[in-house]
Every structure is written in structure tokens, then in C-alpha cells.
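> Handing you this structure, nothing more for now.
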């Protein structure tokens, strides 16, 4: 399976057009379409992988697992978890509380990644 095919499949799952993926990754016009016949550079594959929440290794066919390799928690996952948390220890949480918790959690994982 080519990098183009993998990008196309993941983009469809994430409800993004190839043009949107291309633009969000900051690539030149129609760069992804060129992947039909030639492999992308690691740099460009990494940019697209970030947009699609996967790994460059998956896009380049080095693994069949589209899950990202990173242990980092995504902002989307963190926002979802915090939005579902309405209270802590019986005390209601407001948006300010959630923003503070988000900052603390991100700082923890950033520090953990540096250890």
C-alpha cells in the first residue's frame, strides 16, 4: 500500500479532504498526490502524520498500525476528558478549573517526556 493510499484512507476516516490535509501540513500544492508514484520525504510524511494523528512509519509502510507511536496525550483527548468531568470530589468544576487542570496535565506529560 502506498503512502498516498494510507493518507487517503485516514483522511476519509477523519472526514478531511486530501487538500485539507495537504494545507494543514503546510505542503506545496498537490504534494500528497505525488505520493501515488513516489515516496514522501520523512519530513513531509511526519507533517502529514501529525495532521492525521498517526506515525510517519505507518504512512511510509514500515508498520501496519496506524496508531501514533507517541505517548503524548493529544489536546483533543485531554479536552474530551476534561469536558466529561463535571465535578471533582463532589465539587463542581467550571471552565477556569478545567483550564488549570489541562495546564497541569500537559506540564506533567511534557516533563515526563523529558525524563
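> Would you list 100, 105, 32 from fewest to most Cβ contacts within 10 Å?
Ranked by crowding around the Cβ, least crowded first: 100, 105, 32.
> Which shape class applies to region 3-59: rounded if a/c is under 1.5, otherwise prolate when a/b exceeds b/c and oblate if not, where a ≥ b ≥ c are the square roots of the Cα gyration tensor eigenvalues?
rounded
> Sticking with this one: Taking the alpha-carbon centroid of each part, what is the distance from region 24-55 to region 1-17 in angstrom?
Centre-to-centre distance over Cα atoms comes out at 11 Å.
> Additional query: Taking the Cα atoms only, what angle lies between the long axis of helix 75-84 and the longest principal axis of the chain, rounded to 10 degrees?
40 degrees
> Something else about it: Return the single residue from 43, 95, 20 with maximal mean-square fluctuation; model: Gaussian network over the chain, springs between Cα atoms under 10 Å.
95
> Averaging sequence separations of C-alpha pairs under 8 Å and six or more residues apart, then dividing by the length of the chain, give the relative contact order as a whole percent.
For the chain, the relative contact order is 21 percent.
> Also, quick follow-up: Go ahead and estimate [θ] at 222 nm for the chain from helices alone: -39,500 (n - 2.57) per DSSP H run with n ≥ 4, summed, over the residue count, rounded to 500.
-16500 deg cm²/dmol
Where a number appears in this text, it was derived from the coordinates with a stated rule and is not lab data. This is a predicted model, so every value here is computed, not measured. Note that each Cβ is placed from the backbone with ideal geometry, even for glycine, and that neighbours are counted across all protein chains shown.
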